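Read through the structure below, which is laid out as structure tokens, and then see the notes.
The values are calculated or read from the model by the stated rules, or taken from the named source; none is laboratory data. The structure presented is a predicted model; accordingly, all values stated were derived computationally and were not measured. Every residue, glycine among them, receives a Cβ derived from its backbone with ideal geometry; neighbour counts consider all protein chains shown. Quick note on the areas: whole protein, heavy atoms, side chains included, nothing else; ligands and nucleic acids left out. Shrake-Rupley method; radii C 1.70, N 1.55, O 1.52, S 1.80 Å.
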Amino acid sequence: MKSLRARFIPANGIVHDDPDLPLPAHIFVTYVWFWHIVTILIYLAYAVGTIWQQRAALDWRVAVVTALLAAQMGVYLRLYVFARRWPLPLWQHAIYFGGGLVAWLIQSHLFEHFFGLIFMMVGQSFGLLTPLPAIVTVVTILLLTMLQSADWRIQNLDPGLAAANGGIGLLTIGTYLLLYYTMRTSSERGRLIAELEAARRELERSRDQAIELAKLRERERIARDMHDYLGHTLAALSVQLEAMQRLYRVDPQRADAQIDAMKTQVRESMAALRRTIAGLRTPGLGDRSLHQALLEHCVAVSQRSGMNVNCHIDPAIDCIPPVLAETLWMVAQEALTNVEKHAHATSTEVAATVSPQEVRLCIRDNGVGLPADAFERPGHYGLRGIRERVEGVGGILSVTSHGHHSWATTIEAALPLIAQERKAC
């Protein structure tokens, strides 16, 4: 486990917003630097105090203990104040604490007042080390202090004093472990709370993104539906009105019949528009089968435009699932509307085939072909819409255009068909 200092980056004095910290980041920085300053002041105080006490007769002993204090302070500054990374490897801790114990033994041998310096190392071991190395260090310090008090002879140890020191050591270690794991639990709780808060914010962002995505999809759906239902009707009415202008001069009776058909078409389009506005997704086939609808649509296109429309529909197409039938119906409407409106074709072929694995609808014409940017032209949603519909059911829409060949443009939709999904026919 990490010690409290293990969250601190002492190289630059910066504490990141780490939820493992036992205190708020800005307070923890102050806390750590407080103990840095206290440690440096203790080293300086021992050095200055020793020199002051021995000012009348400065000798080699003062030089030795002062040099050892300077070395200890330098190692502390290098390892703990200006460390380049944290946590430190155990061997670097061993350099400071091992060297510190050796220095203390020498210092306390030369001057008795250095005995109290060992208690600073006890506090440092609790603050800088993880539990196991800290306990080993404190036990070592206790043993050294007891041996020193017995002139380094085990037989001179006072059992009562040893028991008292042992009890104090156990109490100190127990208190340290209690505080350590209490703060560790608090840190873990804080980390979990921070993670939950981050997860909550992420969920809120995901929810907002989902709402925006749903709005975009709804706009695309409305655009497709408006184009599929209203766009096709308006395009067909435009062609029929042009034809009626010419037809009234030669056959007024047939023109009247055409007007009645246009009225019916307008009413159907208005009904479809109402359903779209209400948010309903209707197949547009009504009570008709897909086979019947495709045949009737081919006949209507042929009559309106004067094109030769050949229609070859596999009767098994009525056995495919409704969602696939709706998709193919939209593809046929869009493709034939484009042929009628833009292709200037004289001949068109519509073919639908059904196999155990897929259903295919192929529409081709001998017109002028499609422009290179047919899918990207602004304001034109037809081809883009049917591609989205086809890909939405796992299918593939392929469009090829050569221009002025026997078949200038070919639009083919291939939809996967699962045998279990086929209706009984």
(request) Would you please state which residues of the stretch 241-261 a label at residue 303 would reach in this model, taking the label point 7 Å out along Cα→Cβ and a backbone N cut-off of under 15 Å? (result) 241, 243-244, 253-261
(request) Subtracting the Cα-Cα distance from 0.36 nm times the residue separation, let me have the gained length for residue 44 to residue 261 in nm, one decimal. (result) 67.5 nm
(message) Quick check for you: which residues of the stretch 325-347 have the amide N under 20 Å from the point 7 Å beyond the Cα of residue 418 toward its beta carbon?
(response) 325-328
(message) For a quick check of your reading of the filter: which trypsin sites (Lys or Arg not before Pro) in the stretch 39-142 sit in a DSSP loop and have no more than 16 other Cβ atoms within 10 Å?
(response) 55, 84, 85
(request) Give me the accessible area per residue for the stretch 31-171, probe 1.4 Å, as a whole number in Å². (result) 55 Å²
(request) Measure out, as a whole number of angstrom, how far apart the alpha-carbon centroids of the stretch 151-197 and the stretch 129-149 sit. (result) 12 Å
(request) Set the Förster radius R0 to 41 Å, insert the Cβ-Cβ distance between residue 162 and residue 194 as r into 1/(1 + (r/R0)^6), and round the FRET efficiency to 0.05. (result) 0.30
(message) I'd like to compare 360-369, 192-201, 37-46: which one has the highest average count of other Cβ atoms within 10 Å, and what's the full order after that?
(response) 360-369, 37-46, 192-201
(message) Counting only other residues whose beta carbon sits under 15 Å from that of residue 308, what net charge do I get with K and R as +1, D and E as -1?
(response) -1
(request) Using 0.36 nm per residue of separation minus the Cα-Cα distance, give me the extension gain between residue 220 and residue 172 in nm, one decimal. (result) 10.2 nm
(request) Report the FRET efficiency, 1/(1 + (r/R0)^6), for residue 151 and residue 82, where r is their Cβ-Cβ distance and R0 is 35 Å, rounded to 0.05. (result) 0.30
(message) 7 Å from Cα along Cα→Cβ at both residue 92 and residue 130: what's the point-to-point distance in nm?
(response) 1.5 nm
